[in-house]
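K.L.:
Got a structure here, written out as structure tokens. Questions coming.
What follows draws every value from the coordinates through simple rules; no lab data is involved. Everything quoted here is computed from the prediction, not taken from an experiment. All Cβ positions, even for glycine, are placed from backbone atoms using ideal geometry, and neighbour counts span all protein chains on display.
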Amino acid sequence: MILSCQNISKAFNENTILKNISFHIEDYDKTAIVGINGAGKTTLLKIITGELEADEGLAILSKEKTLGYLAQHQSIESTHTIYDELLSVKQELIQMEHQIREMEYQMNDASDAELEKLMESYALLTHQFESGGGYSYKSELVGVLKGLGFEEQDFHKPISTLSGGQKTRVALGRLLLLKPDLIILDEPTNHLDISSISWLETYLLNYKGAVILVSHDRYFLDRIANKVVEIDQSKATVFQGNYSDYAKKKEQLRTAALKAYMNQQQEIKHQEEVIAKLKSFNREKSIKRAESREKMLQKTELLEKPSEVRSDMRLTLEPRWVSGNDVLHIEGLTKAFGSLQLFDSLGFELKRGEHVALIGDNGTGKTTILKIINGLLEPDCGTIRIGTNVQIGYYDQEHNVLHREKTLFEEISDAYPQLNHTQIRNTLAAFLFTGEDVFKKIGDLSGGERGRVSLAKLMLSEANLLILDEPTNHLDIVSKEILEDALNSYTGTLLYVSHDRYFVNRTASRILELSPSGLTSYLGNYDYYLEKKQAPVVEKSGVTIPSTAKETEAKMDWKEQKELQAKQRKKKNELKRIEERIDALENREAELDVLMAQPEVCTNVAKLQELSREKEGIAEELMELMDRWEVLGAED
């Protein structure tokens, strides 16, 4: 065991954040700490690292074990370059290397006796140097820098010239090269692109020490974690497995706990009714029995009602009207900023109902494409055609579409003057803004709060083409799941940029990968993209499409892709209609059972026969519907 957390409690201004938190970390554990925003995850990390003192309890690091911590925000003050900052971690090896060179120099003029002593010291030092990674530390350093997204031309940039995100990446690189026995990372993927996140996953999976992670990146947690510590309502629960294992077990436990709570509430209500009845008899014996039951009821240990699942926000996205089939057509799109060429002659199209994720490394121009489509930037050349009846709703990751000087109430009322006071307040309440919150200035909100205001405006837009730039930034996992469900139910067309692979996996029906060589299209979600990425590719309609083992997939053109998507939508809609009809028939069948049991019906032969025939008809239709439902469900 490397770390033991024992009954840790912490409160701020009488608000309990953590209560009796206990868990332990074994030497090679990869542990995720999860919970909604404000649950106390970062507070717990700061207590473990000693930055904060617990009100009660202890965090004990095993003797002679080392710990390294990456906080969310880094304020590195250094005169070093990026390369030299990471090289400073290897100062002990650099010193050894200097000593080895010095010994080699001394050997040239040493006497036999001196040479023998020098050789012994030299052998010992070179062994230490080799075992400490002395012959590979420079290549390791370069590998870490490149893995974290730095190009060789960046290596000699001064730390003082870097952005906050770049400084965080430098701090992460330093920490990885230090190789402590326990690495603690608070939102390490916030400033990384998909390639860098994938590299970090591989690094941490192969890491010889223990790791504690706080992250909203569920794909990242799925790949790395073998243990999950959940903080919910100030308490901690430990789950074995990755994030998906935890989510499944959590739902099972919540369902069981809710059932136990409801059963107890029902029993309490029953006992209270019995007590009231006994007292109403107003006899000594019955009153004593009532008092006895009251005492038993008072001794009952009340179960807490489980927290509601995904009750934070109420988000419904639905277009006001249907667009034409051709939603967006882009051809020859080119953009450069000075000598920096982002992309050249890009082309793609969107059809009605498509959900398309635009992915790629940082700096390839994904956000620029979205801004050009929305008219916020001019392309150098190329054509953009918006289809018939297309109304665009835009979510900007920097929230420049919001007005910092306005209050939340003004932001909504000015954008949608047809809404009355109550409708505006109800909309904001659906996104967790209640009471005096609605009079806060946009400029005073956190990133997550501005994100919720942008989502509220998006919902009210009733647009049939949603263009979203990093919509999950600053959202906690619960809020992400709410947004995912809303987008999966959305019948309009969707184009978005996101580095959240779990989000992409759940919401995309097609992926466009932007790279220096252009666009590559993958008809499927993120898992499909990973599977096909290494396959040979063919050029089709100006967009690169990965070929597969099947000839039909390799030759699939845009028309065939759209036909397949239309078939999938038709199947989904038919399944929905069948399930709704089954529900209606089962409800009617239950009504018939009640009717047939009524005295005035069961003595009326003609009425009984009529209801029996209806019931037989329902049974036959249900059988046919269930057969069809099974066939559709079994289709690939």
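K.L.:
Suppose every K and R has +1 on its Cβ and every D and E has -1 on its Cβ; what is the size of the dipole of region 249-299 about the Cα centre, in Debye to the nearest 20?
P.N.:
Result for region 249-299 is approximately 120 debye, rounded to the nearest 20.
K.L.:
Here is a follow-up. Which of the lysines could a cross-linker span from residue 138 if the Cα-Cα distance has to be under 25 Å and same-chain partners fewer than 8 positions apart are dropped?
P.N.:
Answer for residue 138, where 25 Å is the Cα cut-off: 90, 146, 157, 167, 179, 208, listed by chain and number.
K.L.:
Which of the trypsin sites (Lys or Arg not before Pro) across region 43-139 are loop residues per DSSP, with 10 or fewer other Cβ within 10 Å?
P.N.:
Answer by residue number: 63.
K.L.:
Nearest-5 percent of antiparallel DSSP beta bridges in the chain?
P.N.:
On the way: 42 of 76 bridges.
The antiparallel fraction comes to roughly 55 percent.
K.L.:
Given charges of +1 on the Cβ of Lys and Arg and -1 on the Cβ of Asp and Glu, with all other atoms neutral, how large is the dipole of the chain about its Cα centre, in debye to the nearest 20?
P.N.:
The calculation lands at about 1960 debye.
K.L.:
Follow-up. Going by how many other beta carbons lie within 10 Å of each one, how would you line up 343, 129, fewest first?
P.N.:
By the 10 Å Cβ count, ascending: 129, 343.
K.L.:
With 10 angstrom as the radius, rank 103, 459, 119 by how many other C-beta atoms surround their C-beta, starting from the fewest.
P.N.:
By the 10 Å Cβ count, ascending: 119, 103, 459.
K.L.:
For region 315-365 and region 96-126, what is the centre-to-centre distance using only Cα atoms, to the nearest Å?
P.N.:
65
K.L.:
Sticking with this one: Taking only DSSP H segments of four or more residues, each worth -39500 (n - 2.57), what value at 222 nm results for the chain once the sum is divided by all its residues, to the nearest 500 deg cm²/dmol?
P.N.:
Calculated from helices alone, the mean residue ellipticity at 222 nm is -15000 deg cm²/dmol.
K.L.:
Here is a follow-up. Along the positive direction of the dipole of region 326-558 (beta-carbon charges: Lys, Arg +1; Asp, Glu -1; about the Cα centre), which of 454, 499, 346 reaches farthest?
P.N.:
346
K.L.:
Once the piece of chain linking residue 288 and residue 16 is laid out straight, how much longer is it, given 0.36 nm per residue of separation minus the C-alpha distance between them?
P.N.:
Details: separation 272, 0.36 × 272 = 97.92 nm, distance 4.15 nm.
Net length gain for the segment: 93.8 nm.
K.L.:
For the chain, build the charge dipole from Cβ charges (+1 Lys, Arg; -1 Asp, Glu) around the Cα centre, then report which of 302, 522, 234 sits farthest towards its positive end.
P.N.:
Of the candidates, 302 comes out farthest on the positive side.
K.L.:
Given points 7 Å out from each Cα along the Cα-Cβ axis, report the residue 628 to residue 489 separation in nanometres with one decimal.
P.N.:
Each label point lies 7 Å from its Cα, and together they span 2.4 nm.
K.L.:
Still on this structure, please answer the following. Hey, fewest Cβ within 10 Å first, where do 135, 490, 243 land in order?
P.N.:
Least to most surrounded, the residues fall as 135, 490, 243.
K.L.:
Ok, one more. Taking the Cα centre of region 326-558 as the origin, how large is its charge dipole in debye, to the nearest 20, when only Lys and Arg (+1) and Asp and Glu (-1) carry charge on their Cβ atoms? Spell out each step's value before the answer.
P.N.:
Working: 23 positive and 33 negative charges, 37 e Å.
So the dipole magnitude of region 326-558 works out to roughly 180 debye.
K.L.:
Same structure again: Filter the GluC sites (Glu not before Pro) in region 572-607 to those in DSSP coil with at most 14 other Cβ atoms within 10 Å of their Cβ, and list the result. Show your work: numbers first, answer last.
P.N.:
Details: sites: 574, 579, 580, 586, 589, 591, 600; in loops: none.
Listed in order of number, the matching sites amount to none.
K.L.:
Report, to the nearest 10°, how far helix 421-430 tilts away from the longest principal axis of the Cα atoms in the chain, using its own Cα long axis and a range of 0 to 90°.
P.N.:
60
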